[in-house]
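K.L.:
Take a look at this one; I'll ask things after.
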Amino acid sequence: MEISNMNNQVMSNHERRKLLRFYCSIPSELVELEGKNNLVEGATVLDFSNEGLRLSVNFVEPSPGSTTEVMLYIPHKQLITSLTGQVIWSKHVKNKMEIGLKIKEIEKQGTKDVLDWVFPRWLEKEKKIRDGLFII
C-alpha cells in the first residue's frame, strides 16, 4: 500500500474519534473484572484518551458491558492511578486479548498524570513521522 493511501486510511480512522488517542505503553494491572475482586492480571495500556483506552492482557476474556477496575503505573513518575471502565469490545491479537474500555471513573489528577506522561512522547513520535525519521 502506498504511503499516501496509508495516511488517508489512518486519517479516516482518526476522524471517527471525538478525542485524540495517544499511543503508549503503560504498565497496568486488571484488579477487578465482572465483580471478581482480587484479580491481579498484568496488562499494558496501548492507547489512552480522556474517554477510553485499549488494554492488552494475557488470560482474560471479558464480556462486553462488564465493569473492570484497572491500576495504571506511570513510568518515571512513580505514580499510581486507578480507573473504572466498561468493556466496549475485546478481540484476540497475537496470543493476547485486547480490550476497549470506556472510562467511567478516574480521578482528574489521574487523567492529567497519564496525559502529561504520554503527550510529549506522542508529540516526539509525530514529529519524527513528519520529518521522515520514523516509519509507520
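The values are calculated or read from the model by the stated rules, or taken from the named source; none is laboratory data. Keep in mind it's a predicted model, so treat the numbers as computed, not measured. All Cβ positions, even for glycine, are placed from backbone atoms using ideal geometry, and neighbour counts span all protein chains on display.
K.L.:
Modelled with pLDDT under 70 and either in a helix (DSSP H, G or I) or of a type in the set (S, T, N, Q) (or both): does that describe Asn38? Talk me through it step by step, then tell me what you get.
P.N.:
On the way: modelled with pLDDT under 70: yes; either in a helix (DSSP H, G or I) or of a type in the set (S, T, N, Q) (or both): yes.
Yes; evaluated as a whole, the condition is true for this residue.
K.L.:
Follow-up. What are the residue pairs meeting all of these: first residue in the stretch 105-116, first residue closer than 17 Å to Gly85 by Cβ, second residue surrounded by fewer than 17 Cβ atoms within 10 Å (Cβ to Cβ) and charged (D, E, K, R), Cβ atoms under 8 Å, and 6 or more apart or on different chains?
P.N.:
Every condition considered, the pairs that remain are Asp113/Lys77.
K.L.:
Of the numbered conditions (1) of a type outside the set (Asp, Glu); (2) over 12 Å from the mean Cα position of the chain (by Cα); (3) within 19 Å of Ser25 (Cα to Cα); (4) not in a strand (DSSP E or B), Lys91 fails exactly one; give the number of that condition.
P.N.:
Result: Lys91 fails condition (4) only.
K.L.:
Condition test on Glu107, is it more than 21 Å from Leu123 (Cα to Cα) and surrounded by 12 or more Cβ atoms within 10 Å (Cβ to Cβ)?
P.N.:
On the way: more than 21 Å from Leu123 (Cα to Cα): yes; surrounded by 12 or more Cβ atoms within 10 Å (Cβ to Cβ): no.
No; evaluated as a whole, the condition is false for this residue.
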